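Asks: Sharing a structure, written as structure tokens. Questions coming.
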Amino acid sequence: MPIEKTSTPVDINKRRIINGEDADVMQLYPMKHTFAWEAYNVGNANHWLPTEISMQRDIEHWKSPTFLTPEEREAFQTVLGFFTTADSIAANNIVIAFYKHISSPECRMYMLRQAYEEAIHTHAYQYIVESLALDEGKIFNMYREVDAIYNKASFVLTFNEGIFNPEFKTGTFENDQKFLENMCVFALILEGIFFYSSFAVMFGFQRQNKMMGSAEQIQYIMRDESQHLNFGINMINTIKEEQPELWTPEFQQHIVNLVREAATLEYTYAQTVFPKGIFGMNAEGFKQYIEYIADRRLSRVGLPLQFNVTNPFPWMSEAIDLSKEKNFFETRVTEYQTGGTLDW
Ligand code: FE
């Protein structure tokens, strides 16, 4: 459709995350959803590339026949098996499901950045696999082979059905709820829950001074993912304000149920792939940690806590506690810009 020729500026009061009535997605300014612009700037300031991190010591660790136990080698490859495809799933959802339907140009601006970051994350896993000369066919195919990974991936991918359909359009109550459901699943569950057992395992290696280059890659990824989660939560909360009719008690209960189901999938994953525990994290610890994380995600979108447990891995909290993220990002941004290394 040709552009309508007009001297009337866009009315940003009509701008919305979805279904904006005056939705000229070409005009970034004036801006309404300033959180998206802030996220875009933080993303740029946090820019990094996997190849900037030395993998030399990891290569020595991996080549040594005794430095890592067989369980550690297995665990390392399994979490990598989850990671390698998870960011591609996230990237596809941004580009194929979200982008087209988002009528806020500033949100679109951040999503372009976010999609690139997902590519950088997939690059990081590729770089680890290549550096250590792992069996790439085996690692990248794990999401179709290892039940616990498959179950998480297929749970998330279910929510693309319908939205990936080229005929799908927002603008009806039913479709808008479906879109918001997808957003909750990808932000709160995929970005907010499904990475966390695997993050904990990688930081477990780091705490033992093992595979430090790989762990540093994961730290940078974790920092980006926290921003993706924040942005997703901001979009969800803004849609709740812009279209409050969507956030029905039934819908809220539905999201709570999905988060509960996801928490079970996540701790089952951890318990299945680490049946004997690892680095002092046992089955009960993983369960409680995931429940703790799930509650925090629920509370960020105003939903009731379900588990009311304390954090059993306080060292994770020190490293990645999202309640400290403001401070964390401010300091990290400055340090990264002045060329410092990632050091918590
Ligand atoms: Fe992400």
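The values are calculated or read from the model by the stated rules, or taken from the named source; none is laboratory data. These numbers were taken from a predicted model, which means no experiment stands behind them. Every residue, glycine as well, gets a Cβ built from its backbone with ideal geometry; the counts of neighbours run over all protein chains shown. The area values use the complete protein model at the heavy-atom level, side chains included, leaving out ligands, DNA and RNA. Shrake-Rupley method; radii C 1.70, N 1.55, O 1.52, S 1.80 Å.
Asks: Once both axes come from the Cα atoms, what is the angle between helix 105-131 and the longest principal axis of the chain, in degrees from 0 to 90, rounded to 10?
Replies: 20
Asks: Right, another one. Carbon and sulfur together cover what percent of the accessible area of the chain at a 1.4 Å probe radius?
Replies: The C+S portion of the solvent-accessible surface of the chain is 52 percent.
Asks: Once you put a point 7 Å from the Cα of THR69 and another 7 Å from the Cα of ASN209, both along the Cβ direction, what distance in nm separates them?
Replies: Each label point is offset 7 Å from its Cα along the Cβ direction, giving 1.9 nm.
Asks: Accessible area per residue, 1.4 Å probe, Å², for the chain: what's the number?
Replies: Per-residue value: 44 Å².
Asks: Rounded, prolate or oblate for segment 40-184? Axes are the square roots of the Cα gyration tensor eigenvalues, ordered a ≥ b ≥ c, and the cut-off for rounded is a/c under 1.5.
Replies: oblate
Asks: What figure in square angstrom, to the nearest 10, would you give for the accessible area of ASP147 with a 1.4 Å probe?
Replies: Approximately 110 Å² of ASP147 is accessible to the 1.4 Å probe.
Asks: Here is a follow-up. Report, ordered by chain and residue number, the lysines lying within cross-link reach of LYS276, taken as a straight Cα distance under 20 Å and ignoring same-chain residues fewer than 8 apart.
Replies: Once the sequence-local lysines are set aside, what remains near LYS276 is LYS210, LYS287.
Asks: Could you order MET142, MET31, MET26 so the one with the most accessible surface comes first? Probe is 1.4 Å.
Replies: Values: MET142 10, MET31 35, MET26 165 Å².
If we order MET142, MET31, MET26 from most to least accessible, we get MET26, MET31, MET142.
Asks: Take the cross-link list LYS14/LYS178; LYS32/LYS152; LYS152/LYS240; LYS5/LYS169 and give me the ones stretching past 32 Å between alpha-carbons. Show your work: numbers first, answer last.
Replies: Values: LYS14/LYS178 22 Å; LYS32/LYS152 35 Å; LYS152/LYS240 27 Å; LYS5/LYS169 25 Å.
From the list (LYS14/LYS178; LYS32/LYS152; LYS152/LYS240; LYS5/LYS169), the Cα-Cα distance tops 32 Å for LYS32/LYS152.
Asks: Report the label-to-label distance for ARG144 and GLU250 in nanometres (one decimal), using points 7 Å from each Cα along the Cα→Cβ vector.
Replies: About 3.8 nm separates the two model spin labels.
Asks: Within 10 Å of each candidate Cβ there may be at most 12 other Cβ atoms; applying that plus a DSSP loop requirement, which GluC sites (Glu not before Pro) in segment 128-200 survive?
Replies: On the way: sites: GLU130, GLU136, GLU145, GLU161, GLU167, GLU174, GLU181, GLU191; in loops: GLU161, GLU167.
Passing sites in segment 128-200 are GLU161, GLU167.
Asks: If I model a spin label as a point 7 Å beyond the Cα along the Cα-Cβ vector, how far apart are those points for THR6 and SER54 in nm?
Replies: So the label points at THR6 and SER54 sit 5.9 nm apart.
Asks: In terms of modelled amide H atoms, which long-range or inter-chain residues lie less than 5 Å from the amide H of GLY20?
Replies: When sequence neighbours closer than 5 places are left aside, the close amide H contacts are SER103.
Asks: Where the eigenvalues come from the Cα gyration tensor of the chain, what are the semi-axes √(5λ) of the equivalent ellipsoid, largest first, in whole Å?
Replies: The three semi-axes for the chain are 35, 23, 19 Å.
Asks: Something else about it: What FRET efficiency, computed as 1/(1 + (r/R0)^6) with R0 = 41 Å and r the Cβ-Cβ distance, is obtained for GLU38 and ASN257, rounded to the nearest 0.05? Mind showing how you got there, number by number?
Replies: Numbers: r = 32 Å, r/R0 = 0.78.
E between GLU38 and ASN257, to the nearest 0.05, is 0.80.
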